[in-house]
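Below: one structure, written as structure tokens.
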Amino acid sequence: MTTRSTSRRPRGATATVAQTLMVIGTVLCMVPAGWFGVRALIGAEDPSLTLVLGVGIGVGVVVLVLGVVVGGAVFDRRGPDLLAAAQRN
């Protein structure tokens, strides 16, 4: 009789958590530009479409740089494992 550990997650749980966090992160990164965009469309106070464009580009550049830095670090650390898995399959 085999006993199963209650602390083990099913195999697909990690992928599900990663995808959920990616969607939440995408929405959170969109919030500043979306906020200024909605305010510009309804004519509230003084946000212009140029501000919306600037905020959108600024957030995009920050996310790009963070993605390259973090992705590079993860790839450096797990590169051999990824290559081995790719060659196996």
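Values for this structure:
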| item | result |
| --- | --- |
| VAL65-VAL27 FRET efficiency (beta carbon distance; Förster radius 22 Å; 0.05 resolution) | 0.65 |
| Accessible-area composition of the stretch 31-87, carbon plus sulfur, in percent [1.4 Å probe] | 74 percent |
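The values are calculated or read from the model by the stated rules, or taken from the named source; none is laboratory data. None of the values given here were measured: they were computed from a predicted structure. Backbone-built Cβ (ideal geometry, glycine too); neighbour counts: all protein chains shown. Heavy atoms of the whole protein, side chains included, go into the accessibility calculation; ligands, DNA and RNA do not. Shrake-Rupley method; radii C 1.70, N 1.55, O 1.52, S 1.80 Å.
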